[in-house]
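The values are calculated or read from the model by the stated rules, or taken from the named source; none is laboratory data. Quantities reported herein were computed from a predicted structural model and do not represent experimental measurements. Don't worry about glycine lacking a Cβ; one is built from the backbone with ideal geometry, like all the others, and counts go over all protein chains shown. Remember, those area values only see protein heavy atoms, side chains included, never the ligands or the DNA or RNA. Shrake-Rupley method; radii C 1.70, N 1.55, O 1.52, S 1.80 Å.
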Amino acid sequence: MTRVLLAAAVCGFMLWLGPSVGHVVTDQPATAPTPYTREAWHPGWAPSPLTPGTSVRDEVLMRASESIPGSPTEIWKNAYRSWVPLRREDIDVDHVVPLRWAHEHGGWRWSTARKRDFANSLEYPRHLVVTSATDNRAKGAKGPDEWEPPAPSRHCQYAESWALIIVVWELEVDGPTRAAIRRLARSCHGLGG
C-alpha cells in the first residue's frame, strides 16, 4: 500500500466515524452465498516479501519482538492487553479482522488470490498482530460488537485498525459493528474519549 492510499484510508476512517458515511454501511445482516473455508483464505503463511527466507508470520513476530537486556530470550507484547509479555509457546499471530468475518462481509466475492493477500497482508502494521493464544481463541471470528480487547488502553488502536482495514479492503459493515467501532474509538484522543 502506498503512503497515499494509507493516508486516504486514515481520512476514510475519520469520515467513517462521522454521521455522513454510507458507502460501506448496511442495515442488512451479513450473509455470504458461499460458505467460508479457511483453506480458500489461508492455507498457510506466505513467504514474507520483506525478509527473504521468512514467512509472513515470522515477519510479524520479528516486528513485535523485544529483547530482554542481558538475556538471549525474546518477548512479545500482546496487542490486546497492556504490557503483558508473551513467550513463544503462548503466542498466536492474529488477523485483527478475522478471515471468516471478512468473508461474511463481502470478501466472499473476492478471488482466491485477493483472499490470500488479505490473509498475509503486511502493508498495514496492525492488520496482523501478536497476541496470546487464549485471547485469539476468545476473539475467534467475532467482530468488535461481540469482542473487544480486555485492556481499555488498546481500544483506540483496535478501533482504528478495524476501520482502516474495512475501508482499505472495501468490506461491508453493519450497524452494530459500526456502532462498536465508534464506541471503542471514543478512547482515541480528540474523538470524545
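Listed values, structure above:
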item	result
Matching residues, segment 103-122, being open to solvent by less than 30 Å² (accessible area, probe 1.4 Å), within 29 Å of Glu74 (Cα to Cα), of a type outside the set (A, V, I, L, M) and not in a loop (DSSP other than H, G, I, E, B)	Phe118
Hits in segment 123-169 - residues which are in a loop (DSSP other than H, G, I, E, B), under 25 Å from Asp58 (Cβ atoms) and acidic (Asp, Glu)	Glu123
Condition check for Glu59: outside any helix (DSSP H, G or I) and either open to solvent by less than 60 Å² (accessible area, probe 1.4 Å) or at pLDDT 95 or above (or both)	no
Residue in segment 91-109 that is closer than 17 Å to Arg57 by Cβ and among the aromatic types (Phe, Trp, Tyr) present	no
Residue match in segment 90-99 (condition: acidic (Asp, Glu) and more than 14 Å from the chain's Cα centre (by Cα))	yes
Close pairs (8 angstrom Cβ cut-off, 6 or more residues apart or separate chains): closer than 13 Å to Pro98 by Cα in segment 125-140, among the hydrophobic types (A, V, I, L, M, F, W, C) and in a helix (DSSP H, G or I) anywhere	Arg126/Leu164; His127/Ile165; Leu128/Val56; Leu128/Val60; Val129/Val60; Val129/Ala64
